[in-house]
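Participant: Structure incoming, see below.
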Amino acid sequence: MTLRMRILGAAAGGGLPQWNCGCRNCNLARQGKIPAQTQSSLAVSGNGRDWAILNASPDIRIQMAACPELHPTGPRTLPLRSVLVTNGDIDHVAGLLTLREVQPFTLFATAGIHQVIADNPIFSALREGVVDRSQIALDTPFELAPDLTATLFAVPGKVPLYLEGETVDTQLIGDQTVGVELKAGNQRVLYIPGCAILNDDLRTRIDGADALLFDGTLWQDDEMIREGLGQKTGARMGHMSISGPDGSIAQMADLTIGTRVFVHMNNTNPVLRPDSDERAEAEAKGWIIGQDGLEITP
């Protein structure tokens, strides 16, 4: 068994270019000078035949069309066995509405994330009796697809923006933001598209992984403020930065990791420009900048 992964979407919410953004990256992407990227999603398989999707982005239709491994093999037959969502963010659940066409699959999530979905009646379009909603407890291995085992674990983060109250805990630890440990044969891979801080539990879990796909939302914490695009820092949004002493590159420099890949990058992130100094720095430290269509085999 060989674990295969294909990045369906490498960008954070809004994609690249974002529809209402005129930042440098978005303008370059519109001009075809840097690659456009769709919103956060990953396809995984333990045998190359049966596939699961991690996070159903609003771009899921075009992402599946661009991925031959997910194409129908018959009139209503797909190699897609399941969809797993790691939080209730719009860019990770909105694509479920596209998958409503009376197509059987299993929807995996924690009880907390399932509740967020159940509380919105529009998701009843995923017809009961066709889509099986399976609640997964943290730190409990389960079969995500044939020959592919997954385990969900808590990651410091926050509730989705649309559920925020007056007080927001941006480093909340529970089942509202999770990472995924994938195993096929003797291979172990971690998928963590959103992370506020790297605590000791995460460091221990990441160390020794054959591959890591990790939150690369912002290069620096005040990036959006510097660009004149908002007043929130990365920390306020529940994302640790790539750079700096508290950033993911420095914090994981001493860990043993086979392949390191950044995913879920905001449209402002300079690593999205292939000729940027920031991208060169990340690559020099051993990191791959994820992009749509990139296949990863540990």
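The values are calculated or read from the model by the stated rules, or taken from the named source; none is laboratory data. Since the model is a prediction, treat every value here as computed from it, not as a measurement. Neighbour counts are summed over all protein chains in view; Cβ atoms, including those assigned to glycine, are modelled from backbone coordinates with ideal geometry. These area figures cover heavy atoms from the full protein model, side chains too; ligands, DNA and RNA do not enter into them. Shrake-Rupley method; radii C 1.70, N 1.55, O 1.52, S 1.80 Å.
Participant: If you count, for each residue, the other Cβ atoms within 10 Å and average over each peptide, how do 122-130, 196-204, 57-65 line up from highest to lowest?
Facilitator: Working: 122-130: 12.6, 196-204: 15.7, 57-65: 20.6.
Top of the packing list down: 57-65, 196-204, 122-130.
Participant: Per the 1.4 Å probe, what fraction of the accessible area of the chain, in percent, lies on carbon and sulfur atoms?
Facilitator: Working: 6180 of 12720 Å².
Its accessible area is 49 percent carbon and sulfur atoms.
Participant: Just to be sure I understand: with springs between alpha-carbon atoms less than 10 Å apart, which residue in GLY48, GLY247, GLY216 has the highest mean-square fluctuation in the Gaussian network model of the chain?
Facilitator: Taking springs between Cα atoms under 10 Å, the residue moving most is GLY48.
Participant: If you don't mind, there's one more thing I want to ask. Please list, or write none, the lysines whose alpha carbon is within less than 28 Å of the alpha carbon of LYS183, excluding same-chain residues fewer than 8 places away.
Facilitator: LYS158, LYS285
Participant: Another question, then. From zero outward in steps of 10 Å, how is the percent of C-alpha pairs of segment 1-139 spread across the bins?
Facilitator: Binned Cα distances yield the sequence 12, 40, 33, 14, 2.
Participant: Within a Cβ distance under 10 Å of VAL102, other residues only, what is the Lys/Arg minus Asp/Glu net charge? Kindly include the intermediate steps, with their values, before the conclusion.
Facilitator: On the way: positive: ARG76, ARG100, ARG127; negative: GLU101.
Around VAL102, the charge tally is +2.
Participant: So if each residue of separation counts as 0.36 nm, and I subtract the Cα-Cα distance between GLN115 and LYS33, what length gain in nm does that give?
Facilitator: Stretched fully, the GLN115-LYS33 segment lengthens by 25.3 nm.
Participant: Further question on the same structure: Taking the Cα centre of the chain as origin, work out the dipole magnitude from +1 charges on Lys and Arg Cβ and -1 charges on Asp and Glu Cβ, in debye rounded to 20. Show your work: numbers first, answer last.
Facilitator: Values: 24 positive and 35 negative charges, 172 e Å.
Result for the chain is approximately 820 debye, rounded to the nearest 20.
Participant: Counting only other residues whose beta carbon sits under 10 Å from that of LEU152, what net charge do I get with K and R as +1, D and E as -1?
Facilitator: So the surrounding residues net to -3.
Participant: Rounded, prolate or oblate: which fits segment 76-235, taking a ≥ b ≥ c as square roots of the Cα gyration tensor eigenvalues, rounded meaning a/c under 1.5, else prolate when a/b beats b/c? Provide the component values of the computation, followed by the final result.
Facilitator: Values: a/c = 1.90, a/b = 1.23, b/c = 1.55.
Oblate is the answer for segment 76-235, as a/c is 1.5 or above yet b/c matches or exceeds a/b.
Participant: Around THR256, under 15 Å between beta carbons, what's the net of Lys plus Arg minus Asp minus Glu among the other residues?
Facilitator: Working: positive: ARG188, ARG203, ARG205, ARG260, LYS285; negative: ASP207, ASP210, ASP254.
Around THR256, the surrounding residues sum to +2.
Participant: Then there's this: How long are the three semi-axes of the equivalent ellipsoid for the chain, computed from the Cα gyration tensor as the root of 5 times each eigenvalue, in whole Å, largest first? Can you show the working numbers first?
Facilitator: On the way: eigenvalues 148, 90, 84 Å².
Each semi-axis is √(5λ); the values are 27, 21, 20 Å.
Participant: Which whole-number value in Å² is the accessible area per residue of the chain, probe 1.4 Å? Spell out each step's value before the answer.
Facilitator: On the way: 12720 Å² over 298 residues.
On a per-residue basis, the chain sits at 43 Å².
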